[in-house]
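In what follows, a structure is listed as structure tokens, so that the remarks can point back to it.
The values are calculated or read from the model by the stated rules, or taken from the named source; none is laboratory data. The structure displayed is predicted, hence computed values, not measured ones. Cβ: placed from backbone, ideal geometry, glycine included. Neighbour counts: every protein chain shown.
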């Protein structure tokens with residue numbers, strides 16, 4: 001295996017481990033995918049990798065149900081730095097207005113990665129939220145959403161934000177979507193990262 005293929009394989013392994021270990025509540029191994037200064041950005045949380053593990057664990061123990069699924073991946077390598085984009089879905093189950101629902105959000109994990117002391121790790125994970133939907137688990141259930149509240153959230157994650165608001169989370173309202181200034185700024189940060197710039 002060439003050096004570049006080996007690096008790409010290691011990065012793919014890291015990204016897949018993130019999802020499997022996080023969703024399986026394997027917190028000890030989940031910690032190993034992060035560098036010490038790693039940062040997680042999400043609709044409902046923004047902070048360090050260690051803080052994300054803490055709040056994820058607390059939510060898991062309270063019954064918060066958030067799962068992830070991965071698709072294709074693109075990796076840009078520049079020495080000991082990389083940007084990985086991985087197609088993903090976020091699936092969350094909860095009660096909305098006394099109706100059990102699933103929200104599925106499609107997007108990408110946009111990851112700033114660095115190899116330190118021979119090991120790749122996450123420096124920043126920034127999801128890109130492209131589109132979402134909400135479905136009652138029982139298809140015969142009647143669900144009426146507050147249209148004014150729903151419209152307050154960006155199109156790419158408005159149903160996810162609606163659900164998460166209802167269970168008590170404060171939602172970040174300027175996350176990048178499929179297009180617009182937020183995602184363009186993210187792409188510029190990624191280019192600067194690969195060029196050796198600071199985050």
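Taken as a whole, the structure leaves residue 64 outside the set of residues that are under 18 Å from residue 199 (Cβ atoms) and either over 15 Å from the mean Cα position of the chain (by Cα) or touching a residue at least 60 places away in the same chain (Cβ under 8 Å) (or both). Listed by first and then second residue, the pairs linking a residue in segment 126-144 that is under 30 Å from residue 82 (Cα atoms) to a residue that is surrounded by 14 or more Cβ atoms within 10 Å (Cβ to Cβ) and at pLDDT below 95, with Cβ atoms under 7 Å apart and 6 or more places separating them unless they lie on different chains, form an empty list. Against the numbered list (1) at pLDDT 95 or above; (2) outside any strand (DSSP E or B), residue 60 comes up short only at (1).
Residue 52 meets the stated requirement of being without any contact (Cβ under 8 Å) to a residue 60 or more places away in the chain, closer than 22 Å to residue 30 by Cβ, in contact with a strand residue (DSSP E or B) (Cβ under 8 Å, 6 or more places away or on another chain) and not in a strand (DSSP E or B).
Specify the residue that is nearest to residue 74 (Cα to Cα); the eligible residues are those in segment 1-35 that are surrounded by fewer than 17 Cβ atoms within 10 Å (Cβ to Cβ), free of Cβ contacts under 8 Å to residues at least 24 places away in the same chain and under 16 Å from the mean Cα position of the chain (by Cα). Taking the candidates together, the pick is 17. So, in segment 154-169, of the ones that are in a loop (DSSP other than H, G, I, E, B) and touching a helix residue (DSSP H, G or I) at 6+ places or on another chain (Cβ under 9 Å), which residue ends up surrounded by the most Cβ atoms within 10 Å (Cβ to Cβ)? So, considering only residues that are in a loop (DSSP other than H, G, I, E, B) and touching a helix residue (DSSP H, G or I) at 6+ places or on another chain (Cβ under 9 Å), the one surrounded by the most Cβ atoms within 10 Å (Cβ to Cβ) is 154. Of all the numbered requirements in (1) surrounded by 12 or more Cβ atoms within 10 Å (Cβ to Cβ); (2) farther than 30 Å from residue 30 by Cα; (3) touching a helix residue (DSSP H, G or I) at 6+ places or on another chain (Cβ under 9 Å), residue 125 misses one, and that requirement is (2). The single condition from (1) in a loop (DSSP other than H, G, I, E, B); (2) closer than 17 Å to residue 86 by Cα; (3) over 16 Å from the mean Cα position of the chain (by Cα) that residue 191 fails is (1).
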